[in-house]
Amino acid sequence: MPDWIWRCATSATHTIKRAQLWRRMVERSLEEVEVDQRDRHGRTALMWAADTGQVEAAEALLALGADRRACDLQTGRNALHLAARSCNVAMLRLLVEGGDAAANAAYVNEPDKSGITSLFLAMQKGEDGLAAFEFLMQCGARYNSQAWKALGALPPTPPPPRDLEAPPALGHGLRGNLFGRPR
């Protein structure tokens, strides 16, 4: 056997062994790590993966048992909100797949602390978010998901109509500033 074939075979064998060793080291280190641990911003690793479009990392985290419904402590957004905001359909598909239709519909329509849904975040992106918007609609997202009764709140009341003919009164009816003092 020529020497160069032996060197290539040996190199390939060493590469495979290094990869196997690396995989075992990573698996051992992941056994000691809490998958849903939060950083100083209140986000989990799955949220950061969804926000930055790291689909492979999200797959690994979900396989390790990461909670896809975990919410950011500041805004109340979950991984689906962040994936919709970044218009990543592959990430949205990964986060929504599995589970029954009712659970997915509830997950897709889950609002953040401000009442904003993932569908609204995709819609905000305009043309860039069109594919994400369409995917979420196919998954059962409601276009008008202001489900006020489900949130336990009443819809906001519109302000009363203003009388445009009468100017607002200044002060005590005196000629002057707001405190009634003459100018």
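I need ARG43, ARG69 ordered by Cβ neighbour count within 10 Å, fewest first.
Result, fewest neighbours first: ARG69, ARG43.
Quick one: order MET137, MET91, MET123 by neighbouring beta-carbon count within 10 Å, fewest to most.
So the residues, fewest neighbours to most, are MET137, MET123, MET91.
Between GLN37 and ALA57, what is the label-to-label distance in nm when each label sits 7 Å out along the Cα-to-Cβ direction?
1.5
I want to check the label-to-label distance for THR75 and GLU127. Put each point 7 Å from Cα in the C-beta direction and report it in nm to one decimal.
Modelled inter-label distance: 2.4 nm.
Only four residue types carry charge here, +1 at the Cβ of Lys and Arg and -1 at the Cβ of Asp and Glu. Report the dipole size of segment 42-142 about the Cα centre in Debye, rounded to the nearest 20.
Computed about the Cα centre, the dipole is about 260 debye.
Read-outs: derived from the displayed coordinates by stated rules, not from any lab. Computed from a predicted model, the values in this text were never measured in an experiment. Please note: Cβ atoms are built from the backbone with ideal geometry, for glycine as well, and neighbour counts cover all protein chains shown.
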